[in-house]
Amino acid sequence: MADPKFRPALLVVDMQEDFCPPNGSLAVPEGRSITPLINTLLAQPTLALKIATKDWHPPNHISFARNHPAGNGHTTKQPFTDTTTITNPSNPSEQYTTRLWPAHCIQSTPGAALIAELDTAQLTHTIEKGTDARVEMYSAFYAPLHDPPLRASDSGLAGLLRAHQITHVYVVGLAADYCVRSTAEDAVREGFETFVVEEGTRAVDPGGWEGCRREMEANGMRVVGKDGVEVRRLFGGAKGVGEEV
Ligand code: VGL
Ligand code: ZN
C-alpha cells in the first residue's frame, strides 16, 4: 500500500545544454557530471511525479547583459559582474536587483535543449520558466514579485504538485546557487517537505556551494546525500544509490 503521508516528486532543474560544459554559454562547472545520479533517481517508481524544468527565455530577456546598453551607449553591460533592477509591471515601488548573464536558453535553440544523456522518457512533465522578458525568475514556481504577484509568471508547478497530492519534493539539477536554490525555497513556501540532493547539483560560482547549503538549511530545506535515508526511501528496496549506478 502506498503511504499517503509520503508522495514524493522529483524536480530536475534546468539540465540544459547552455548550463553544461563543454559548449554551454553559461556552463556550470561539472554540470554534466550529475546526470547518471539524476537518471538513477528518475528510474524510481516511488516518485509520483518526475518533472523537468527548462529555462526558456525570449531573445530580449531582461537577464541577458547584451540587452542592456552601458552608460556610454557604445557597448553593453557585462555578464556575471553587472546587474539590473527589475520592477513589478503592476507596482513601480516593488523592485529587485538581479545579476546579468550571457544570453542562454533562448527558446527553441539548441542551447535550450535538455541534454541528450538525461533519461527524458521517465519524465511525467516538463515545465518552462523565465518566459516573460520583463522579469528574472530563477524559481520554477513563479517570479519573486508578491505585491501583487505576477500571475503570468506562474508556471503552474504548485498546482500540479497539489493536484497529485505530493508531500515531499526532491530537487536536483542546475545551478545549485540559483535555480535549484530558488525552486527549493518556493517548494518550502508552498508547504512541501523539501530535499536538495547534494551530489545531484552543482553551483555556477566557484566555491558557491557551501554558503548556499548553509542558507538553504537555515531556511527550511534539507540538504541530503545520495546515500542517506531520505534518498534511500525513494528506492523500493534497501539499496543505496551507489549500488544502483
Ligand atoms: C540559471 C542563471 C540564469 C539557473 C538560470 O538555472 O540556475 N542561472 N538563468
Ligand atoms: Zn536564465
### Task
Being part of a helix (DSSP H, G or I) and out of contact with any Asp or Glu (no Cβ under 8 Å at 6 or more places or on another chain) is the filter; apply it to region 5-35 and report the residue that is farthest from residue 79 (Cα to Cα).
33
### Query
If residue 13 satisfies every condition in (1) crowded, with 24+ Cβ neighbours inside 10 Å; (2) away from ligand 2 (no atom under 16 Å from the Cβ) but one, which is the exception?
(2)
### Query
Can you tell which of 27, 70, 116 is free of Cβ contacts under 8 Å to residues at least 24 places away in the same chain, of a type in the set (Gly, Ala, Ser) and crowded, with 16+ Cβ neighbours inside 10 Å?
27
### Message
Being part of a strand (DSSP E or B), surrounded by 14 or more Cβ atoms within 10 Å (Cβ to Cβ), more than 16 Å from ligand 1 (Cβ to nearest atom) and touching a residue at least 24 places away in the same chain (Cβ under 8 Å): is that true of residue 194 here?
### Response
yes
### Message
Restricting to region 139-163, count the residues that are farther than 14 Å from residue 11 by Cα, touching a Ser or Thr at 6+ places or on another chain (Cβ under 6 Å) and in contact (Cβ under 8 Å) with a residue 24 or more places away in the chain.
### Response
2
### Task
Please specify each residue of region 1-22 satisfying the condition of being farther than 23 Å from residue 181 by Cβ and either touching a residue at least 40 places away in the same chain (Cβ under 8 Å) or within 15 Å of ligand 1 (Cβ to nearest atom) (or both).
4, 5, 6, 7
#### Entry: Where a residue in region 73-86 is surrounded by 15 or more Cβ atoms within 10 Å (Cβ to Cβ) and charged (D, E, K, R) and its partner, wherever it lies, is part of a loop (DSSP other than H, G, I, E, B) and modelled with pLDDT of 95 or more, with Cβ under 6 Å and at least six apart
77/68; 77/100
### Query
Of the residues that make up region 194-204, is at least one out of contact with any Gly (no Cβ under 9 Å at 6 or more places or on another chain) and either of a type in the set (Lys, Arg) or modelled with pLDDT under 95 (or both)?
no
#### Entry: Residue under evaluation residue 203, criteria (1) closer than 19 Å to residue 7 by Cα; (2) within 16 Å of ligand 2 (Cβ to nearest atom); (3) among the hydrophobic types (A, V, I, L, M, F, W, C), criterion not met
(1)
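The values are calculated or read from the model by the stated rules, or taken from the named source; none is laboratory data. Computed from a predicted structure; not experimentally measured. Note that each Cβ is placed from the backbone with ideal geometry, even for glycine, and that neighbours are counted across all protein chains shown.
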